[in-house]
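Read through the structure below, which is laid out as structure tokens, and then see the notes.
The values are calculated or read from the model by the stated rules, or taken from the named source; none is laboratory data. Please read all numbers here as calculations on a predicted model, not as lab measurements. Methodologically, a virtual Cβ is constructed for each residue, glycine included, from the backbone with ideal geometry; neighbour enumeration extends over all protein chains shown. Protein only, heavy atoms only, side chains kept; ligands, DNA and RNA dropped before computing areas. Shrake-Rupley method; radii C 1.70, N 1.55, O 1.52, S 1.80 Å.
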Amino acid sequence: EDKVVQSPLSLVVHEGDTVTLNCSYEVTNFRSLLWYKQEKKAPTFLFMLTSSGIEKKSGRLSSILDKKELFSILNITATQTGDSAIYLCAPGGSQGNLIFGKGTKLSVKP
Amino acid sequence: EPEVTQTPSHQVTQMGQEVILRCVPISNHLYFYWYRQILGQKVEFLVSFYNNEISEKSEIFDDQFSVERPDGSNFTLKIRSTKLEDSAMYFCARGPGPEFYGYTFGSGTRLTVV
């Protein structure tokens, strides 16, 4: 059975802190892993990772995939209150459907 | 302007009624998906739809559910005889193909069954 485990489930930090969010997975016919940010409604796309060891960066966010150890991390540096959200990890298989983890709820305090 | 529009944004229905949720992708993509998220729980895959046919469905997607692309544009999810436990956010997503680049979610429909 496909499984996605995210940790921690919740995290409270202060503005300016750096956070690391973890995602481990076991997915049949794995193809890619996607990270999303969910605030009020729909998940919004952050990164798609397909190859091991290649860091993707977007501003203060970065992410990397390890296909041998079956995990990915999402880093956020110099956190801001606007980073407060649930961060979802979603590996995808050959059929195109995503398997979501429960998410990490990040709260950034001023 | 959102790439994937869903209507309605919120629907309240009585138990046992049928509901139709609509998704209008702006770009011309072949792959469409429905997901749901029960309040406080994780996003769950329901069904994928390719070339006007179901290509994959989860255990959740039983005979109560059906999908259609009736006019080549709108993509609908029909839920027959709704139950209280069908209350959830329903998200449509679209993709350019069996890859994940550009996998975009719609704004969602909140379904409340009373």
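What number of residues within segment B:62-96 are within 11 Å of another protein chain (Cβ to nearest Cβ) and either part of a loop (DSSP other than H, G, I, E, B) or open to solvent by 50 Å² or more (accessible area, probe 1.4 Å) (or both)? Steps first, please.
Let us first name the residues in segment B:62-96 that are within 11 Å of another protein chain (Cβ to nearest Cβ), namely B:89-96.
Subsequent filtering for residues that are either part of a loop (DSSP other than H, G, I, E, B) or open to solvent by 50 Å² or more (accessible area, probe 1.4 Å) (or both) retains B:96.
Count: 1.
Highlighted here are the strands (runs of 3 or more DSSP E) found entirely within segment A:1-102 that include at least 3 residues which are within 23 Å of B:R36 (Cβ to Cβ) and either touching a Lys or Arg at 6+ places or on another chain (Cβ under 8 Å) or touching a residue at least 12 places away in the same chain (Cβ under 8 Å) (or both): A:3-7, A:19-26, A:32-38, A:43-49, A:85-92.
Just one of the listed residues (A:I99, A:I86) is buried (at least 23 other Cβ atoms within 10 Å of the Cβ) and under 30 Å from B:L30 (Cβ atoms), and it is A:I99. Hey, could you check segment B:45-60 for residues that are in contact with a Ser or Thr (Cβ under 8 Å, 6 or more places away or on another chain) and either surrounded by fewer than 19 Cβ atoms within 10 Å (Cβ to Cβ) or assigned to a loop (DSSP other than H, G, I, E, B) (or both) and say which is nearest to the other protein chains (Cβ to nearest Cβ)? Checked segment B:45-60; the qualifying residue nearest to the other protein chains (Cβ to nearest Cβ) is B:E56.
Among the residues of segment B:23-44, those identified as open to solvent by less than 50 Å² (accessible area, probe 1.4 Å) and farther than 17 Å from B:Y90 by Cβ are B:S27, B:H29, B:Y31. Considering A:V13, A:V4, A:V19, the condition of being closer than 30 Å to B:H10 by Cα, touching a Ser or Thr at 6+ places or on another chain (Cβ under 8 Å) and not acidic (D, E) is satisfied by A:V4 alone.
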